[in-house]
1. Per 0.36 nm of contour for each residue apart, how much would the distance between T144 and I289 grow if the chain were fully extended, relative to their Cα-Cα spacing?
2. Sorting check: for 405-413, 380-388, 310-318, which peptide has the highest mean count of neighbouring beta carbons within 10 Å, and how do the rest follow?
3. Compute the label zone of N338 within segment 347-381: residues whose backbone N is under 14 Å from the point 7 Å along Cα-to-Cβ.
4. For the chain, what % of the accessible area comes from carbon and sulfur atoms, probe 1.4 Å?
5. Mean projection of the alpha-carbon convex hull of segment 106-232 over all orientations, in nm²?
6. From Cα pairs below 8 angstrom and at least 6 apart in sequence, can you work out the relative contact order of the chain, rounded to a whole percent?
7. Compute a Gaussian network model of the chain, connecting alpha carbons closer than 10 Å, and tell me which residue from C58, C287, C327 fluctuates the most.
8. Quick check: net charge around V222, other residues with Cβ under 10 Å of its Cβ, Lys/Arg +1 and Asp/Glu -1?
Amino acid sequence: MENMGSQTNISFETKQVETFTNITIKGILGLLMDNIDGGEDKREVISLGIGDPTAHSCFHTTDAAKEAVVESLLLDKFNGYSPSSGLPIARKAIANYLSRDLPYDLSPEDVYVTSGCTQAIEIAVSILAKPNSNILLPRPGFPTYLLCAAFRNVEVRYYDLLPQNNWQVDLKAIEDLADQNTIGIVVINPGNPCGNVYSYDHLEKIAETAKKVKTLIIADEVYGHLAFGENPFISMGLFSSITPILTLGSLSKRWLIPGWRLGWFVINDPNCIFKSPKIVERIKKYCDIGGGPATFIQAAVPKIIESTKEDFFRNTLKMLKKNSDICYEKIQDISCINCPYRSQGSMVLMVKLNLTLLKDIGDDIDFCFKLAKEESVLLLPGTAVGLKNWLRITFAVEPSFLEEGLSRLKSFCLRHSNTKIIN
């Protein structure tokens, strides 16, 4: 598999595009957008590349969330700075919310309110970083971890997720990669970019493996509870008695409000193996540097959590399940693309390109640039998340929009099919 820090050059006529796989997803999609043909017959752009469903009416947030923010703003009490770690009422509400999934109650003091999950990632990597340290990341995975590690001079080591085994973690690889300088293992569940949802047994094995190699787990649960397959969502914090768990999450995905930038960094460490006054002080200092979400958004958190009805969550899962099925079934009709695993959670899935069935396509990046130019459809090249010649498809869109995008994808593949191989 390709290293996520590799470099690829792509030429289109007189235009030279240089893409690095250690730039952001938004950066890569921006390059693809720039490559779309802007002629007279320009079609509507269909983006199946980024996990922001809010442009589509079927994925709008609940009225309860909007009313909570309006009420908070109109109170005129939350226009000033919040404490660096977050408003106490927000920290308490998040602690109570996460404690529903745990056998013990989290303390509000273990919760730090962040500007989305991205800042939580940055804090996690920053507080753990030390000279000669390394961090274990999943491949495929979320590239922000690589960027944060690079800024902190932390070596990245990749363990593979196994597509033939429902994208489970290669536990033997973790044992082989970890050493005394390993500062943590990142586990993303529900999975981005794979759409996997891990079972209780597998999560327990991951925790036991982390204990064996004497490190903690950074549990990225930004898609927490967005599970619509066989396995229910289970919080990694359930296994914090085995090894310390740093839980990262946000309201962004479950409440469909990514632009509100309300996230959290939480210490799950009932045995106080990791938590110490020195660590707490270090976290607070990073919160001082970065700042958090708008104060009035934080003030709305208790009511957002308490007032949102289960029907809203059920409807979101129903729509995601419907779109996941559409995506999986439509992909079966495209001979050069293989989907080894039907998405069970989050808003994404990974599919594999068979380049031998295509002509004039060099790799996944070439595929995505030409697809954007010819069909005005945006997909994320797998190289961006660590798997060369794969694609990530985001299906949190209107069903008709998704079907049109997949229809254009099929037309593109037929147009570029290597008929000699097929025949």
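The values are calculated or read from the model by the stated rules, or taken from the named source; none is laboratory data. This one's a predicted model, so the numbers in the text were calculated from it and none came from an experiment. Cβ atoms come from the backbone with ideal geometry, glycine included; neighbour counts cover every protein chain shown. These accessible areas exclude ligands, DNA and RNA; they are computed on the full protein's heavy atoms, side chains included. Shrake-Rupley method; radii C 1.70, N 1.55, O 1.52, S 1.80 Å.
1. Values: separation 145, 0.36 × 145 = 52.20 nm, distance 1.89 nm.
This chain segment gains 50.3 nm when fully extended.
2. Working: 405-413: 20.0, 380-388: 25.6, 310-318: 13.9.
Going by the mean number of other Cβ atoms within 10 Å, highest first, we get 380-388, 405-413, 310-318.
3. 351-358
4. On the way: 8760 of 18060 Å².
That share works out to 48 percent.
5. Values: hull surface 32.3 nm².
With the hull built on Cα positions only, its mean projection is 8.1 nm².
6. Values: 846 pairs, mean separation 100.8, N = 423.
Rounded, it is 24 percent for the chain.
7. C58
8. Details: positive: K253, R254; negative: D220, E221.
Neighbour charge sum, excluding V222 itself: 0.
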